[in-house]
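These notes concern the structure reproduced below.
Derivation of every value follows stated rules applied to the coordinates shown; laboratory data play no part. None of the values given here were measured: they were computed from a predicted structure. Don't worry about glycine lacking a Cβ; one is built from the backbone with ideal geometry, like all the others, and counts go over all protein chains shown.
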Amino acid sequence: MNNTMIKQYIQQALFSIREHKLQSAITIVGTALSICLIMVLFLMQYLKVAPLSPENKRDRILIVSTVRIDEESESGSGSMTGPINHNLAKRYVSEMKTPEVVSIVSPYHATRYISNPISKKGVDLNTKQVDANFFRLIDYTFVNGTPFTQEQEDADAKVVLLSEKAAQSLFGSVDVVDQFIEIDFVPFRVTGVYKDVSALSSWAYADVLMPYVHQIDYTQLIAGYGVYTLLLAKSKADFPKIKEEFQERMAKAKADYPNTQITFANQPDPIEVSLERYSYTTDPDMMQIRLKQLLLVLILLLVPAINLSAISQSRLRNRLAEIGVRRAFGGRRVDIIVQFLIESLVLTLVGGVIGLGFSWLAIASWSDILLNADTEALRISLQVIFSTTVISIAFFFCLLMNLLSSGIPAWRAGKANIVNALNKQ
Amino acid sequence: MISLIRKQIWNERKSNVNLFIELLLFSVLTWYIVDFIYIHMLAHFSPKGFDTTNCYTVGVDVLPEESEDYSPDASKTMNNDLFKIVDRLKQIPEVDAVCLSYRSAHPYGNSWRQDDFECVTDTMIHCGKYDIQTVSSDFFNVFRYRGSNGETPDMMAKQFESMSIGDIFTTDNIRKSNHADISATDYIGKTFRFWMPDSIENTNPLHTLINCVTAPKSGDFDLHPLRKIVFFKIDLTALASTEADKTRYIDVDLRLKENVSSDFIAQFIKTELPKYKEGNLLISNLTSFNQLRDQMNLATMIKFRNYLIGMSFLLVNLFLGLLGIFWFRTRQRRSEIALHKALGASKQKVFMNLIAEGVILLTLATIPAIIIDYFIVVYELTTAYQEAYFTSFRFVSTVVITYLLMLVMIVIGIGIPAWRAMQIEPAEALHEE
């Protein structure tokens, strides 16, 4: 097969589109609808899981999100369920050797009232408590100043970092290093200003970053706030080793506090597992989740494919005579099949491009509900959604869709009996 | 006419088998979604048992010790300072009622406290898990809880006010340990206590049931049976006399009067709120219950939206498919239809013949679809409503709704090509032939 042939097929396809306007329109709309929904599903997962700036190391991060600690002491028994507490994280997890970095951060954003003590101007901003190691995990771009240091963190220094947006709204400028702000009426010194982060980077996103307050009480294991522990592996291959070391550390904690029970299932989790984790006793059934997603994509592909194959079938029936002539003059079956597949691919691709366009539009305009993030802070960068990965995935689904909807009719056309075809039967 | 349609269907049997399978598949998928939407709508439109329009929760904050305004002396009078704030809120002419409750009592909350309860008089009845809510009497006024004998919220509040600490109100859906619901109102005046395993002597204090409240749902889309709640009276005298700070466990909620304009709250937050400071307590914000409700409904709304998109996807595809297939068919059968018309068939008859073909196919496909639907229900793959997967009313309604939705698509999808077929001029079409 050479280029002129392909060119000819495409020309024929375009002619066929003009000839059968309604059928073509149906094929295009059907394909566009299906590709749009598939791509929205893909983008929803992709934006949450893929390593994207400033969370460039997502694929190497393991997370401890939820645990249960049962403790029996002379003063009675107690239990704690939820994010791992700061005491346990700081004293046992942060000493782990296998990960490159261990970072302890507050699990949720907290909206707090932040004010400029001089101008008395105040706003509600999204704050997050992090440790100094956090900046080795997330690649913030600093416009001014630097992140706070380990020493400052250890000394419980009252320092903060502001996003550009926060600095602008409080001071009207980003040049605010060493200025003071008040958080819930307590003064803090600004040490740096970083570029705004999209809310899609759920770890990195915050208007104000402040150091974790150390509250170490060694008498009880259950002490301190709940935190998320992020472990950065040197490479993905280290994941099993890190899990093993984590279990050892938890066993050590249990040995130090004999009447204690720590339940954490198979944590730490890679990000895609962590997003599905709701329980500290059982791991999310990833197999089932993937199967469900696969089933959904299959329905989204098959439903229009069944439809469209009926339409391609009728289109081919109209052209039986043409097929008969070509076969009589020595055209091979495979040529006919390839010709029809390429012809219908033109239609599928037109639909695919429209579908992909609409999926971008949907993600951009309904991101708040589709991605559970507030739109204002979303700022999905065009680089991310116009990436070659996204486009190739869409192209792959178009090919699949084309094969599903036109494969059987094309194959049938290819094997049509010459005499019958010429007789239009 | 019937025999004609039968012939039509038979002649196109190859393409009709495809269409039949397609209709069957679409019918089952659409039904599944219809069922999900149906029970959620049912839940949404059933009475909630409370009313939060015009209600706001008051954000009370404690000054941190680092603050300049912090007063160490006032740290011992926190509870009384809270009461002062509540009294001041009650003075506002636009405010209808203000109530206090221990955390997790107010509607659309995200935490709750539960315990087992039993009735101790005559035959011992174990009532099972109850939500425990400790509230002030105005709680019934703010959230408009009604009595199960039709008492107004105000009557409930007055009765609650006059009863002694330790007496209780419950919701009217007491359930025996053998899971039969009994009428709680018959137990008014009898005593209850928290349950303990039989092996231990139950030393829990006794509580007299004073009146019953209409049982509420726990949220707008609550698919579970109604909530079982026992209401205790908040002991304000005890709180006033203790130095221990309980304010962080107490919610303050208020209701505005009916005719208050919506700008009032925004204006109030801006100008009046900063003035509400007593000791180390201050009001930081007023949050509308609509906001709490939306937060609680968010997950369901997202699911709801996904299912709606799924249903639209299916129906649009069905429409496109039928449009395509019948467009082609009417073109193929041009001469046949022309001949038909030449032999005296009216325009309407040509139209109806085509539509009837689709409707018959749909009806045929619906029969096996119902069987599949039924097995999906039997294997509990759908969502339970009021602890049941199957009720005949729900099943019949969802099947009928599905059939009607698909019928609409058939009428539009086939209607367009059929309308075109109607316009065929017999003379022209036959001449072409």
Dimensionless Rg/Rh of segment A:98-229, both radii on Cα and Rh by Kirkwood, sits at 0.96
Correct semi-axes for segment A:115-161, from √(5λ) of the alpha-carbon gyration tensor and rounded to whole Å with the largest first, are 22, 14, 11
Sorting A:Ala251, A:Leu230, A:Ser405 by the position of each Cα along the dipole of chain A (Lys, Arg +1; Asp, Glu -1; all at Cβ), the one nearest the positive end of that ordering is A:Ser405
Among segment B:200-234, those whose backbone N falls under 20 Å of a label point 7 Å along Cα→Cβ from B:His126 are B:200-207, B:228-230
Dividing the mean separation of Cα pairs under 8 Å (6+ apart) by the residue count of segment B:217-306 yields a relative contact order in percent of 32
For segment B:344-433, the Debye formula with one identical point scatterer on each Cα and no solvent gives log10 I(q)/I(0) at q = 0.23 Å⁻¹ as -1.09
When chain B is treated as a Gaussian network with springs between alpha carbons less than 10 Å apart, the largest mean-square fluctuation among B:Thr382, B:Thr203, B:Thr402 is found at B:Thr203
Counting Lys and Arg as +1 and Asp and Glu as -1 over every other residue whose Cβ sits under 13 Å from the Cβ of A:Asn56, the net charge comes to +1
Whole-Å distance linking the alpha carbon centroid of segment A:85-136 with that of segment B:374-398 is 47
If each part is reduced to its alpha-carbon centroid, segment B:63-140 and segment B:297-369 end up apart, in Å, by 59
Check: C-alpha center segment B:197-220 vs C-alpha center segment A:390-414, spacing in Å is 63
Distance in nm between B:Lys246 and B:Ile92 label points, each 7 Å along Cα→Cβ, equals 2.5
Rounded to the nearest 10, the angle in degrees between the Cα long axis of helix B:347-378 and the longest principal axis of the Cα atoms of chain B comes to 50
Measuring from its Cα centre, chain A shows a charge dipole (+1 at each Lys and Arg Cβ, -1 at each Asp and Glu Cβ) which, in debye to the nearest 20, is 3020
Expressed in nanometres to one decimal, the distance between label points 7 Å along Cα→Cβ at B:Ile367 and A:Lys97 is 7.4
Computed over the protein assembly as shown, the distribution of all Cα-Cα distances in 20 Å bins, rounded to whole %, is 12, 33, 33, 17, 5, 0
Pseudo-spin-label distance B:Val316 to B:Glu272, built 7 Å along Cα→Cβ, given in nm, is 4.9
Toy charge model, Lys and Arg Cβ at +1, Asp and Glu Cβ at -1: the protein assembly as shown dipole around Cα centroid in debye, rounded to 20, equals 5380
quick shape note, segment A:250-339: Cα extents on principal axes in Å, largest first -> 87, 24, 14
Where a ≥ b ≥ c are root eigenvalues of the Cα gyration tensor, a/c under 1.5 meaning rounded, otherwise prolate if a/b exceeds b/c and oblate otherwise, chain A counts as prolate
Candidate cut points under GluC sites (Glu not before Pro) in segment B:348-396, DSSP loop plus at most 12 other Cβ atoms within 10 Å of their own Cβ, are B:Glu380, B:Glu387
Per principal axis, largest first, the Cα atoms of segment B:291-367 extend in Å by 69, 23, 22
P(r) of chain B over all Cα-Cα pairs, 20 Å bins starting at 0, rounded to whole percent, reads 20, 35, 24, 16, 4, 0
Ranked by GNM mean-square fluctuation in chain B (Cα springs under 10 Å), the top entry among B:Ser75, B:Ser27, B:Ser67 is B:Ser67
For the A:Lys158, B:Asn285 Cβ pair and Förster radius 25 Å, calculated FRET efficiency rounded to 0.05 is 0.50
A correct Stokes-Einstein calculation for segment B:111-249, using the alpha-carbon Kirkwood radius, 37 °C and 0.692 mPa s, returns a whole-number D in µm² s⁻¹ of 207
Net charge near B:Thr391 (other residues with Cβ under 15 Å of its Cβ; Lys, Arg +1; Asp, Glu -1) is -3
Plugging the Cβ-Cβ distance of B:Gln332 and B:Asp73 into 1/(1 + (r/R0)^6) at R0 = 60 Å yields, to the nearest 0.05, a FRET efficiency of 0.05
Neighbours of A:Ala132 by Cβ distance under 13 Å: Lys/Arg at +1, Asp/Glu at -1, summed charge -3
Expected sort for B:Tyr385, B:Tyr379 with the fewest Cβ neighbours (10 Å cutoff) up front is B:Tyr379, B:Tyr385
